Amino acid sequence: MSKGSIARLRMMKTMPTLRGIRYLRASHDGQGREASVESQEDEGEEFFQQFGIEHVATFCDNHLSASPYATEERPEFIRLRAALEAGQANLVWTFDHARMLRDLKVYTQLRDLLIEVGCYWAYGGRIYDMTDPADRRATARDAAEAEGQSDTISINVKRGVKRKARAGEPAGPVAFGYRVHYDPETGDSLGWLVDEDQKAVIREIVNDCMAGKPLTAIARKLNERGVPCPRDRRWDVRLIRNLVDEYKHAGGWARLLARMESDDCRALAERVVSRVLAGETPRNVSRELNKDKKPYVFPTVWDCRKVKKIALSKAAAGLRQYHGQVLTTTTTDEGGNTVSVPVTVTWTPIITEHEHRTLTARLTRQDRGKLRDGQRVKYWWSGIAECGVCGAPLSRSKERNGTGRYQCRKTGCVSRDQVRVDAWLMEQALLLLERPDAASVFRLAEHASKAEEAEKEVKTLRAELEGWRNAAGAGKVSPESFASIEPALLERLQKAQERVDRATVPPILSTVIGPNAREVMAQLDITQLRTVLRTIMRPQIHPTNRRVVNGLDTTTIDPGFRFTPRPVPTDGADAAA
């Protein structure tokens, strides 16, 4: 509908007074190729003046997509539809068709709404009457074209991402340990360069993990020195949503504000929540806060999860991922065999291949939670030695006279004097470490790749076992058939896990074996000492019916050497040694 057509209709008094809403939208456009919401607003104001349209309201969704592939809702678009349904306006204006939508499904819904409320749609310098079949066909063609453009953009983006991945180029947020290097003339990214300060943090974490130190101790040390975390005090969508969730509970919100270090932080938190509740998306809010260099209201601290994530960083290990999988390429080894190797990346790795494989096998073990030492561990064998009756771990308990005992944690099946057990088992450990053939006993020459292969086998067997269990639960496999299948799978799974354990010997073990084992072990801290002991032994203490005066019945204690055959313990009824 042209300006002249509107004027004629008004003279005939068949054209109502136009009351319009302007809707502005722009996707994230770092290159500045799209019309910004500011330029759209200027264009809309000029259009309203030209056609004599009364301005009712403006709704703006900035940095939000309207395509079928969008991952976030457009809050202002929802408010626009509500305003039209309420009859607040009889015209809606957008800069072009695609500013309103790029989805045919959304177009159909909007078209029906505009017809129902008797509203015009203006874009591209024209006003469309949705009750007019010709205008409906024109807008439908534009809608189909806009959705097609979204499909084309999506396909091209996916191709570009895949090409960059196969070329070993970085993508996404810059990984901890690196910084982006930009072309000084064009401003385009030239890839990642190593950030020396962050590299030092990564190397410290990796070295400590390789030495067997607990993640809690590493995190505590970094926090005590005030080492910044990855994305230290930067805002993101998750943090903003957490604030909004806390705001819904008065008591929790009050406690949260009380924990903040200053009135400025409390005021900032209030403003952030108010903006989200007013309709802004958490992504937009976080982007603007980071752009304005507004720090997060709480300082970020290291914890086990962050330390583990850095230690297992695939980017720092020079591994390029695509859809969650490490990209590989085929090559020929020295023996002429075709092998699969990771693609060569364009940035400098900080973690070696050997370190990454070792830490991956060690820190992602399924039974790791059972073996993790806390910050307050004090005793050599608590949680490592096991009850010979029920298999429960032994813990250290204190007698009334002040002496300590290792006792079955579950039901108290067995109990032994702590000091004597410590002395005897430590002597067995030292004798094993001092053996001339200790290196071959502990298989120190095995390559860490065997650990990765064994870990893959463990995951495959677990998935197979879970599949059979699901099939049995769904009635697809009879209980009798499952009962015959499960034992063999469990046995294979146990053997595969044992191969993982043997192939992931901690590096600290190589420093203690040999004739000086006693001196080296005496210099280790408690967590390192327990790492060595747990690696080479899993003692089992069995019941005894013998009373040994001022001694220990060692015939019922199995040292549990993990790399040599276990001796068969003697049987007997339980009695205190």
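The values are calculated or read from the model by the stated rules, or taken from the named source; none is laboratory data. Source: prediction; values computed, not measured. Note: ideal-geometry Cβ built from the backbone for every residue, glycine included; neighbour counts use all protein chains shown. Areas reflect the complete protein model, heavy atoms only, side chains present, ligands, DNA and RNA absent. Shrake-Rupley method; radii C 1.70, N 1.55, O 1.52, S 1.80 Å.
Values for this structure:
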quantity: Sequence-separation-based contact order of the chain, relative, with Cα cut under 8 Å and 6+ spacing, percent; calculated: 10 percent
quantity: Distant-in-sequence amide H partners of G388 (H built 1.01 Å from N, under 5 Å); calculated: I541, H542
quantity: Ranked by how many other beta carbons lie within 10 Å on average, peptides 478-488, 73-83 from highest; calculated: 73-83, 478-488
quantity: Antiparallel bridge percentage (DSSP; both residues within the chain; nearest 5); calculated: 65 percent
quantity: Subset of K199/K221; K221/K308; K164/K291; K213/K309 violating a 24 Å alpha-carbon distance limit; calculated: K164/K291
quantity: Net charge dipole size for the chain [Lys, Arg +1 and Asp, Glu -1 on Cβ; Debye, nearest 20]; calculated: 1500 debye
quantity: Correct option for Cα extents along the principal axes in Å [calculated from the coordinates] among (1) 95, 58, 47; (2) 84, 64, 55; (3) 118, 65, 62; calculated: (3)
quantity: Relative contact order of the range 127-242, defined on C-alpha pairs under 8 angstrom at six or more residues apart (%); calculated: 12 percent
quantity: Efficiency of FRET between T344 and V157 - r from beta-carbon atoms, R0 30 angstrom, step 0.05; calculated: 0.80
quantity: Solitary cysteines of the chain, where the nearest other Cys Cβ is not under 4.7 Å; calculated: C60, C119, C209, C229, C265, C304, C390
quantity: Accessible-area composition of the chain, carbon plus sulfur, in percent [1.4 Å probe]; calculated: 50 percent
quantity: Global form of the range 96-250, assessed from the alpha-carbon gyration tensor, a/c cut-off 1.5; calculated: prolate
quantity: Accessible surface, per residue, of the chain when the full set of protein chains is kept, probe 1.4 Å, Å²; calculated: 54 Å²
